[in-house]
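What follows is a short report on a single structure.
None of the figures in this text is laboratory data; all of them are computed from the coordinates on show. The structure displayed is predicted, hence computed values, not measured ones. So basically every Cβ, Gly included, is an ideal-geometry build from the backbone, and we count neighbours across all protein chains shown.
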Amino acid sequence: MEGDCLQRKRVINPEIVDAVGSEPFKLVANLPYHAATPLMLALMTKHPNCTGMFVTIQHEVVQRFGAQSGTKEYGTISVIAQQLGSVGTIAKLPPGCFWPQPGVASAMMRWVRQPDHTNDPDWWVSFAEITQQLFQSRRKQLAGVVNKLCTSQIDWPDGIAPTDRIDALSPDRVQALCRAIHEICYTQ
C-alpha cells in the first residue's frame, strides 16, 4: 500500500483501515514527526483493535506521552495514552543515528493497550475531545473551563475541586472529570 496514513489531520486513511480489518494489530514504524501524534492518537481512541505501538518518533514527543501531572510536558496526549495503555521509552536515539541527521533527538517508544480498554470506542473519542478542550485552558481553574463546556452543573468527582487546574490532575482524575462532564453535557 502506498500513500498517506492520514486522510485528514485526525482521521486514518480508509484504505489502511480496510486493509487492517477488524483483527488485532500492532503498529511498528519510524513515523514522520509531523504525522506521529495525530496518527497515534487516532489509533488509540478510534481503533481498539490496535493493541500496541512500537515507534520511533521525536524524543520530545515520547516525553509528552509519558509525562506526569504537574509537569510542563503533561497534556492531552499524556492523559489519553496513559489512560488507554502503558507508555515506555525503549531507547533514546541521538541525531547521528540517522542520515541525514535531524536537528532533534529521537526515541523508540512502546505503548501497549490495556486489555479492558478495547470496548466502547465512542466513549474514548468523547474522552479525547473533552480532555483536549480541558487542556486548552490548562492555566485556568476547572470551574470556569467546565462552565464553558457545559451549561448544566456537573457533580464534581471525589478528589477534584472546582478551583483545581487540569494539569494538576492525574490521568485517572481527568477521566473521572470527563465522565462527569460527558454524563451531564453530552448525553442529554
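Expressed as a fraction of 2.2 N^0.38 Å, the value expected for a compact globular protein of N residues, the C-alpha radius of gyration of the range 88-156 is 1.74. Measuring nothing but how far apart in sequence close Cα pairs (under 8 Å, 6+ apart) lie, relative to its length, the chain scores a relative contact order of 19 percent.
If only the Cβ of Lys and Arg carry +1 and only the Cβ of Asp and Glu carry -1, the dipole of the range 6-117 around its Cα centre is close to 220 debye. Each Cα pair under 8 Å and six or more residues apart adds its separation to the average, and for the range 6-117 the resulting relative contact order is 25 percent. For the range 41-97, the alpha carbon positions stretch 35, 28, 15 Å along the principal axes, listed from largest to smallest.
So how far, in whole Å, is the C-alpha centre of the range 112-135 from the one of the range 75-109? So the two Cα centres are separated by 21 Å. Charge tally around Glu60: other residues with Cβ under 13 Å, Lys/Arg +1 each, Asp/Glu -1 each, net +2. Ordering Pro102, Ala35, His47 by the projection of their Cα atoms onto the charge dipole of the range 6-117, which places +1 on the Cβ of Lys and Arg and -1 on the Cβ of Asp and Glu, puts Pro102 at the extreme positive end.
Listed by chain and number, the lysines whose alpha-carbon sits under 30 Å from that of Lys26, ignoring those within fewer than 8 places in the same chain, are Lys9, Lys46, Lys72, Lys92.
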